[in-house]
Amino acid sequence: MKLFVALMALVAGVFSQTPSTPQVFVINKAANTMSVFGAGSLVVAQTVTLGRGPHELALAPDGLKAYVPNTGDNTVSVVDLKTFAETKKISSSDFAYPHGVAFTPDSRRAVITSERAQKIVVIDATTDTVLRSIATDQGGTHMVVINKAGTWAYLTNRQSNTVSFLDLRNYTIAANVAVGRGGEGIALSPDEKEIWVSNVPEGTLSVIDVARRETVATIPVGQSPFRVAFTPDGKHALAASSGAGITVLDTASRKAVTTVAARGATGVVVSVDGKAAFVSCGSANEVQVIDTATWKVTGSVGVGRSPDGLAYR
């Protein structure tokens, strides 16, 4: 019996890709690296060398790999999440400043924005090869999120001031919804009824009604909001602004409830349990931790130069 239990534990360890303790991943733009640290320990355990000019990252839901677009050499780094090593760089003639990235929930595909080519590139994540490219008429396609069903991708176009609705069942763009000027960051609410977009030059957030495919509200949040993220319960949205820090908004009233000082805030991600938010502070070369019960900074960890995009698992 003891041998059977031991064997079952071994099998579970082999097939489970979930870390025993939560981890935070952050891209260091100026260092061309990714730092990985424990969400509780706040100690950097891994540093992964990438291509030139990485900005964003996405973790495959199955826990096997990460994709990191490299804007400087027009590639996508494939990072093995067991060995924490770059195993491949995906190249394509359709990559011109690849930037945003998101996996479908089944981990079989990923969507990459090719910002300067006016194209969206879909990757077969089972083989790390280009599946297809989709031409758009939108300028500056920057960041992307995908719904829980894996049927729709939503993309910000910061030069065209729109958000594209891409149907992943037939790879067609069904709508381009007008938002504020220079929309970059994007988040889909947990109930998937709204998309919130950060308009950097305006210092505002646009709120899109997904069903109606139209912007229904504009919220002022302060200077240069680069990204926005929801708490898992959907009650709060956090806007990361290089000038204002973290603006915490009540999503029901669409009003700011507090602002948390975070020097040079560029990225924000919320833990799965909703108890903490992690903020990349580009000018301080660190990630700060915010307690979401008190909205106070409770810790920080030094990372590489110019930390930006974040992920949590």
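The values are calculated or read from the model by the stated rules, or taken from the named source; none is laboratory data. Only a predicted model underlies this, so the values are computations on that prediction, with no experimental measurement involved. Please note: Cβ atoms are built from the backbone with ideal geometry, for glycine as well, and neighbour counts cover all protein chains shown. Only protein heavy atoms, including side chains, enter the accessible area calculation; ligands, DNA and RNA are left aside. Shrake-Rupley method; radii C 1.70, N 1.55, O 1.52, S 1.80 Å.
A compact table of results
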item	result
Among the listed pairs 148/296; 65/89; 275/296, those beyond 19 Å (Cα-Cα)	148/296
Between the range 42-116 and the range 202-233, the alpha-carbon center distance in angstrom	26
Phi-based couplings in Hz for the range 88-95 (Karplus 6.51, -1.76, 1.60; Gly and Pro marked x)	6, 10, 7, 10, 7, 5, 8, 7
Calculated over the range 82-159: convex hull of Cα atoms, volume per residue (Å³)	98
Ordering of 39-50, 279-290, 82-93, 133-144 by packing [mean C-beta count within 10 Å, highest first]	279-290, 133-144, 39-50, 82-93
Amide hydrogen neighbours beyond the local backbone of residue 180, cut-off 5 Å, H modeled	206
Exposure of residue 171 as accessible area (Å², to 10), given a probe of 1.4 Å and all protein chains	40
The range 172-234 - accessible surface per residue (Å², probe 1.4 Å)	39
Residue-wise HN-Hα coupling along the range 123-133, computed from phi with Karplus coefficients 6.51, -1.76, 1.60 (Hz; x: Gly, Pro)	9, 7, 7, 7, 10, 6, 10, 6, 8, 6, 10
Angstrom value of the Kirkwood radius, inverse mean 1/r, which spans all Cα pairs in the chain	19.4
Quarter of the Cα convex hull surface for the range 232-280, i.e. its orientation-mean projected area (nm²)	3.2
